[in-house]
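Data first, discussion second: the structure below is written as structure tokens.
The values are calculated or read from the model by the stated rules, or taken from the named source; none is laboratory data. Given the structure is predicted, the values throughout are model-derived calculations rather than measurements. Positions of Cβ are backbone-derived with ideal geometry, glycine not excepted, and every protein chain shown enters the neighbour counts.
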Amino acid sequence: MHAIDLITDDIPPLRTSDTIGRALDWMEEFKVSHLPVVENRRLVGIVQDSALVDKGDVKAELGTVRDRFTHVFVRGGQHIYDVMKVFTEQGLTIVPVLDDTGNFLGTVGEHEALRRLAEVANINQPGSVVVLEMSSVDYSLHEIARIVEGNDAKVLSVYTHSLPDSSRTEVTLKINREDISDVLQSFERYDYRVKSTYQGSRFHDDLRGRYDELMRYINL
């Protein structure tokens with residue numbers, strides 16, 4: 001899934017001739033703290049609500065605060081993980097998308113990005129989660145998948161995280177079965193440390209509930 005697939009038509013771009021008042025009104029309407037400013041299909045920059053509130057004059061044009069714009073974007077062909085990295089590192093509520101020649105294609109909102117990331121991670125699919133911990137040099141997705149599939153199960157998604165100040169890695173697996181007792185036994189037999197597990201429909205309902213709560217929070 002790529003950035004171009006995440007573009008939403010619900011968030012329009014601003015122009016430099018638009019007033020600060022219009023920009024603030026649109027931010028409130030679309031529940032975002034940032035909006036792209038575009039002229040002739042070229043991204044001028046991203047404007048943030050705090051930069052506009054400080055200006056004070058709601059009738060002034062956005063062009064008068066151009067020095068406060070930030071210039072952050074992704075290309076249409078970049079993966080959803082790249083988009084989420086920009087969201088988290090830059091603290092944005094929207095990310096502009098450009099084509100390879102620099103033309104503005106549209107905007108990705110954080111709500112849509114999170115919703116589609118949930119699809120990539122198979123959050124809505126029933127199953128179980130296993131968290132393994134191991135030395136980083138021992139990590140082999142091929143070996144882990146072989147153990148899971150040897151018990152007639154499938155790995156739906158995998159996430160790895162290097163533990164701070166350590167040479168160890170935490171591996172989180174989403175598996176397509178609610179009862180994974182045989183999978184856990186196999187991991188222990190192969191000397192994998194099972195750090196935690198979340199099995200069955202209760203986990204699925206709890207995870208879905210937490211995701212729904214996050215979506216409601218974003219929409220406030």
Search result, residues across the range 178-199 that are in a strand (DSSP E or B) and either modelled with pLDDT of 95 or more or of a type in the set (Lys, Arg) (or both): Arg193, Lys195
Close pairs (9 angstrom Cβ cut-off, 6 or more residues apart or separate chains): assigned by TED's automatic domain parsing to the domain that holds Asp182 in the range 135-149, aromatic (Phe, Trp, Tyr) anywhere: Asp138/Tyr192; Glu143/Tyr190; Ile144/Phe187; Ile144/Tyr192; Ile147/Phe187; Ile147/Tyr190; Ile147/Tyr192; Val148/Phe187
Matching entry among Thr8, Thr19 (being without any contact (Cβ under 8 Å) to a residue 60 or more places away in the chain and β-branched (Val, Ile, Thr)): Thr19
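Kindly check whether there is at least one residue in the range 182-193 that is outside the structural domain of Tyr81 (by TED's automatic domain parsing) and at positive phi. Walk me through it before giving the result.
Filtering the range 182-193 down to residues outside the structural domain of Tyr81 (by TED's automatic domain parsing) leaves 182-193.
Okay, now just the ones that are also at positive phi, so 191.
Yes, because at least one residue in the range 182-193 is outside the structural domain of Tyr81 (by TED's automatic domain parsing) and at positive phi.
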Odd one out for Gln90, checked against (1) of a type in the set (S, T, N, Q); (2) under 23 Å from Met1 (Cβ atoms); (3) surrounded by fewer than 20 Cβ atoms within 10 Å (Cβ to Cβ); (4) in contact with a strand residue (DSSP E or B) (Cβ under 7 Å, 6 or more places away or on another chain): (4)
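Considering only the range 93-121, state which residues are surrounded by fewer than 15 Cβ atoms within 10 Å (Cβ to Cβ) and within 30 Å of Thr197 (Cα to Cα).
Those that are surrounded by fewer than 15 Cβ atoms within 10 Å (Cβ to Cβ) and within 30 Å of Thr197 (Cα to Cα): Glu119, Val120.
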Some residue of the range 30-45 being among the basic types (Lys, Arg) and at pLDDT below 95: yes
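If a residue must be surrounded by 12 or more Cβ atoms within 10 Å (Cβ to Cβ) and either more than 27 Å from the chain's Cα centre (by Cα) or within 26 Å of Ala118 (Cα to Cα) (or both), how many such residues does the range 163-178 contain?
Quick first cut of the range 163-178, residues surrounded by 12 or more Cβ atoms within 10 Å (Cβ to Cβ) only: 168-178.
Now narrow it down to the ones that are either more than 27 Å from the chain's Cα centre (by Cα) or within 26 Å of Ala118 (Cα to Cα) (or both): 169-178.
Summing the residues that are surrounded by 12 or more Cβ atoms within 10 Å (Cβ to Cβ) and either more than 27 Å from the chain's Cα centre (by Cα) or within 26 Å of Ala118 (Cα to Cα) (or both) in the range 163-178 gives 10.
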Qualifying residue in the range 124-147 (condition: of a type in the set (A, V, I, L, M, F, W, C) and assigned to a loop (DSSP other than H, G, I, E, B)): no
